[in-house]
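The values are calculated or read from the model by the stated rules, or taken from the named source; none is laboratory data. Not measured: the values here are computed from a predicted model. All Cβ positions, even for glycine, are placed from backbone atoms using ideal geometry, and neighbour counts span all protein chains on display.
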Amino acid sequence: MEKSYESIPAGLVIRTLGSEIKEFKMDSLLTPVFMILEVVMEMIIPYLMASIIDKGVTPGDINHIKTTGGLMVVTAVFGLFFGLMGAHFGSRASAGLARNLRNRMFENIQNYSFPNLDKYSTAGLVTRLTTDVTNIQNAYQMLLRMFMRAPASIVIAMVMAFSINAGLSTIYLVAVLFLAVFVFSLMRKITKYFAEVFTKYDDLNESVQENVSGIRVVKAYVREEYETEKFFKAADNIYRMFVRAEKMIILNMPVMQFTVYACILLISWFGAHMIVLGSLTTGELMSLLAYCMNILMSLMMLSFIFVMVSMSTASAKRITEVIIEKPVIVNPDDPVKELTSGSVSFENVSFSYYGKNSGRVLKNINLEIRDGETVGIIGGTGSSKTSLINLISRLYDVTEGSVKVGNVDVRDYDLTVLRNNVAHVLQKNELFSGTILDNLRWGKEDATEEECREACALASADEFIEKLPKKYETLIEQGGSNLSGGQKQRLCIARALLRKPKILILDDSTSAVDTATDSKIRQGFRDYIPGTTKFIIAQRISSVMDADRIIVMDNGSIAGFGSHEELLSSNEIYREVYESQVSGAALSDFDS
Ligand SMILES: Nc1ncnc2c1ncn2[C@@H]1O[C@H](COP(=O)(O)OP(=O)(O)OP(=O)(O)O)[C@@H](O)[C@H]1O
Ligand SMILES: [Mg+2]
């Protein structure tokens, strides 16, 4: 399957990631500089070695051995120092880049609107923020430390070797050229393999995360075995592909070794002849061999960088995609900063989740709702109740037509003003780790404990909170997993009430609350916030029956709009639902 990030051009990826280096530009620059200095020191050592042998050992000059030996120690110490500095700056630059990337991604994700979020899975975003960034961090560090060092090492070693003996060094040149061609053609193949492995890896990641976050459902449906089987298969696939890729990498080794030993043999053979003839010294031969090893090691390094960088391109693209994603719903240029009335109107509204030319989930909706009115919404699952009210607080924008609040198009309001005035209890509600008070204060940052208690009383949440050992200071676990469904719903309603909104939207928010409490909550709304326009979506007719008017949704259209009595006499769908629930209620009377 083609993934959306695959088509992002390389230039854009490099620019986007590059612009996050920011304050670590200096470190990024110093790393290769120190690495090259290290190489220079490393290259001097075989040269000094030759000198010790030829001018110290052979003629028996102890003084020369001592001074050159001392020089060698100094060179080695400098080499070590430069290497350490390179490593230091390299890790700072790469860890810094990783931090900046994560911050930038997180910041941007916070600005995403609902349509943006529909594009990504939560698991996918988490992988991008963690594993993908780590991949880039490693590749960047490798790149900084080796990208300049390895070629520099090859060039300098080559120059040194040629300056010692041009004739013998041609052997290197031939060997290096041969190896370079071989290694890189092999690496290109390997990279292709790895790219494949990594997309498979991705899929595996996604399925694992989906499975783990839904583990309770897996258990409830006794699907453990099936899921485990599926996972084993995917893991096994990856194992096979890895082995295939690794086999090719291993092929590298014997070829490299063969070339290295062939070089050593040839150089030793010809070198020995030259020594006998007096045109080469023993020391020179030794340093030539040392340079030989150096060059070949650097080639290995280069091929390794090549693999590493191409392996991380997918990660780079995935990170870039998150960073360049533009929020779909943004503030208008000259926003209206005040929302004066809670009246709502829909004018010829059509809506589709995927743009103009795809299936409409709302078709030509026209509605006029007065300030302070209580509106019930009822309709089968998938009849677009949620889609309808999501347009009021601009969680999504209409595809056609307009939604007005207080006679102003919602797209003209300042987003913060609009959302502060339209409190929306989502169907998929969320609580966050922290105390109950912390969670309530999402509704109003500076709410006093008194205000919080009041809101909880209105939402009938006070009863159960008072029974908790630490009451309002009780810690809520991640996602509210230590609360029951109905308790969570009531807390979410209280949180919304703290906003003192002009419009309150409850999307199936009392579905897990018993009918008695449900009706108590609605009575509370009538008594304490009579001026607030209320939208109450429910599956139970008893939850909407006493609303001023009720909207009956059917397959994205309004099938009826009126009071309970009106609908009962004129609307067939409504009557059917009513009858089925009322006759059913006789059986389930015990819960009221
Ligand atoms: N985020 C989304 N992306 C794409 N399609 C969606 C999305 N959310 C809902 N839909 C589709 O829109 C249609 C209406 O869904 P909606 O959630 O509005 O129904 P609903 O009446 O609220 O149902 P329920 O009673 O189950 O909550 C459905 O066909 C659904 O598949
Ligand atoms: Mg819904």
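Per the conditions (1) of a type in the set (Val, Ile, Thr); (2) buried (at least 17 other Cβ atoms within 10 Å of the Cβ); (3) closer than 30 Å to residue 205 by Cα, the sole criterion not satisfied by residue 259 is (3). Restricting attention to the stretch 154-177, the residues that are polar (S, T, N, Q) and surrounded by 17 or more Cβ atoms within 10 Å (Cβ to Cβ) add up to 2. Is it the case that the stretch 52-60 has a residue that's touching a Gly at 6+ places or on another chain (Cβ under 6 Å), assigned to a helix (DSSP H, G or I) and under 12 Å from residue 283 (Cβ atoms)? Yes, there is a match, as at least one residue in the stretch 52-60 is touching a Gly at 6+ places or on another chain (Cβ under 6 Å), assigned to a helix (DSSP H, G or I) and under 12 Å from residue 283 (Cβ atoms). Considered as a group, the residues in the stretch 366-385 that are within 16 Å of ligand 1 (Cβ to nearest atom) and crowded, with 19+ Cβ neighbours inside 10 Å include one that is nearest to residue 340 (Cα to Cα), and that residue is 375. When we screen 337, 385 for residues that are within 16 Å of ligand 2 (Cβ to nearest atom), outside the structural domain of residue 17 (by TED's automatic domain parsing) and of a type in the set (D, E, K, R), the only hit is 385. Out of 175, 150, 157, 180, one residue alone is of a type outside the set (Lys, Arg), touching a Leu at 6+ places or on another chain (Cβ under 6 Å) and either under 20 Å from residue 256 (Cα atoms) or outside any helix (DSSP H, G or I) (or both). It is 150. Scanning the stretch 340-392 for residues that are of a type in the set (D, E, K, R) and within 29 Å of the chain's Cα centre (by Cα) turns up just one, 356. Of the strands (runs of 3 or more DSSP E) entirely within the stretch 511-574, those holding at least 1 residues that are away from ligand 2 (no atom under 16 Å from the Cβ) and within 21 Å of residue 428 (Cβ to Cβ) occupy 533-537. Test residue 398 against the criterion of being in contact (Cβ under 8 Å) with a residue 40 or more places away in the chain and under 30 Å from the mean Cα position of the chain (by Cα), and give yes or no. Answer is yes for this residue. Among residues that are assigned to a loop (DSSP other than H, G, I, E, B) and among the β-branched types (Val, Ile, Thr), residue 330 is included.
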